[in-house]
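J.: One structure coming up, written as C-alpha cells, with questions to follow.
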Amino acid sequence: MSSASVAFFSGDQSALELANFIGVAKGEQAETGAFFQSTKQLLSEEKYTEVLTKFANESAALLEATEKGRTPNLVVERWEKGEILSRAGSLWHVAADWQKLNTLLYVTADFESLYNLLIALIKDAQPEIVPKLVNSIIQPIVASGTDKAHLRLKVLSNLYNNLESNSPVRYDVFVAILNVAAEAGELDVLVPHLLSLDAWIAEWGVALNQRRALYLLISQKLEQSGEYTREAYEFLLKYLATFDNGDAKALQEAKDAAIRAVKEAFRIPAVLDFEDLFKLQAVQALKPSKLFDLLKIFLDESLKQYQEFVKANPGFVDEHGLSEEDNLTKMRLLSMASLAAANVQGEVGYDTIAQTLDVPEDEVEIWVINVIRAGLMDAKMNQLKRTVVVGRSVHRVFSETEWQQLNDKLNAWKANLKDVLQVISNAKLIAGSQGATIETVITA
C-alpha cells in the first residue's frame, strides 16, 4: 500500500468492516453480500480510490437504513475502541469521494465521534487541500436543516478549534456555525463571541470581499432572529464602513444596505446617535434624496424641522415603513438633548421645554425623565421654580464648534489650576517664613 494511496483506515480490515456496515445497511447479508465481496476484491487489488467511490455512491442506502432504525454501529464501535486511526498520506486527493463519504458518515448513529475522526485526519492533510476538505465536511452539516442542531454545532466548533488560529479556513467554518445557529434559533450561543470577531478576521487574513460578506450575513441573521436588532444594525454599519474610500461602483453596490441602515436607525429606539452613520461614504452617496434629508434632521436638527419635513412630504414616512409616532418620540428626546447641551450648568424653564418638544407643560417632567433614562443628559428638576438644572448633556454632533468649546473649557481649567498652584506656593512661602521667625525667637 503506497503512501500516496493509503486509505484512512488502520488497515484493510477496517475498510472491510465499513463495507460490511454499508452492505448490511443495503439489506445484504453480513460478509457474504455482493457489496462486501466486491469491496474485498478491490482492496486486494489496491484500488483504494474505487473503494471510496463505492462507499460514497451507496450513502443513500445508509440514510434510508438510519431512517428505518436498522443502521449497524460497526464503524462507531471501532472508532470508540480506538481501532480506526488517521494516517499521513491518506487519500486526500480524492476530494469528491471524500465529500460523499462525509455525507455517509453523517447519518450514522454517532456522527459526532466519526466527525472527530475526520477532524483528526484534516490535521494530517496537506495545507493546500484543507479548504476543500473542510468545505466537504461542513456542506452536509449546514444543509441538514434543524435536525440535531446542538450536535452539529458541537461538531463545527470542534472543527473550528482544531484548525490553526490563523487559518483562513476558519472563516468558512465560522460561516457554517452562524448559519446552523441561525437556522436552529441558537444565535444566543454565538452572539457573545461576536465581540472578538474583528480580531479573528484580522488573524484569518481574509480578503475584503469576504469580510464584507460576513458582516452583511451576520447583520441579516441577527435581524431575522427578531432578538438582536441593535446588534444587527451595528454589523450593518461595519459592512458599510468597508466601502469608505471606495469608488462610485462600490458605493452603488452598498446603496441598498445604506438605505436599510438609515431606516433601521430611525426604527430602533436605542439608536440615538446618528453621527457615525451620517459620516459613512455609502450613506453620503444617498444625497440628494429625501431619506438623506430626513437623516440630517435626526442628526442635528429639531422637532420643528422634522414636523416641517413631514408636512412638506406627505406620505413619505408611511411609504418607507416608518412610524410617525416613533419618529416623534425620538425627535423629542433628541431636541431635549440639544436644548440641554446649550444650557449645561444652567437652568431651563418648563415653558421653554414644552415649546421645544411641542407638548403640554404638564408633560414636561415625564419627558425630562425619559431623556435622562436614555442617557442623553443628567439633570435635576426644581418643581417649585418649574425649571430643569442641567448637569451634563451629550452633543448630538461633535463638530468644530464643539471642539472649540472643549478647548475653551480646558484652557479655563488650566488657568484656574495655575491660580490654585500659585496660592499653594504662596502659602508655603508664608509658612516657611513664619517657621524661620519662630526658630529665631527660640534661639534668642
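J.: By counting other Cβ atoms within 10 Å of each Cβ, how are L410, L43 ranked from fewest to most?
T.: L410, L43
J.: Could you check the spin-label model distance between L217 and Q29? Points 7 Å from the Cα along Cα→Cβ, value in nm.
T.: 5.0 nm
J.: Right, something else. Given 0.36 nm per residue, what is the gain on full extension from M381 to E183 after removing their alpha carbon distance, in nm?
T.: Computed gain between M381 and E183 is 66.3 nm.
J.: Working out 0.36 nm times the residue gap between E325 and Q345, then minus their Cα-Cα distance, what length gain in nm do you get to one decimal?
T.: Once the chain is fully extended between E325 and Q345, it gains 4.0 nm.
J.: For the residues K249, K255, what sequence is obtained by ranking on other C-beta atoms within 10 Å, fewest first?
T.: The fewest-first ordering by Cβ neighbours comes to K249, K255.
J.: How would you rank F298, F292, going from fewest to most other Cβ atoms within 10 Å of each one's own Cβ?
T.: F292, F298
J.: Which links in K249/K330; K287/K311; K238/K380; K255/K311 stretch past 32 Å when you go from one Cα to the other?
T.: Exceeds cut-off: K249/K330; K238/K380.
J.: Can you figure out the FRET efficiency of K255 with Q37, using R₀ = 45 Å and their beta-carbon distance, to the nearest 0.05?
T.: For K255 and Q37, the calculated efficiency is 0.10.
J.: Lys and Arg at +1, Asp and Glu at -1: add these up for the other residues within a Cβ distance under 12 Å of I138 and post the number.
T.: With Lys, Arg at +1 and Asp, Glu at -1, the neighbours total +2.
J.: Would you mind calculating the gained length between K418 and F316 on full extension (0.36 nm times residue separation, minus the Cα-Cα distance), in nm to one decimal?
T.: Here the segment from K418 to F316 would lengthen by 31.1 nm.
The numbers here are math on the coordinates, done by the rules we state, and not lab data. Here the structure is a predicted model, which means the values were calculated and not measured. Neighbour counts are summed over all protein chains in view; Cβ atoms, including those assigned to glycine, are modelled from backbone coordinates with ideal geometry.
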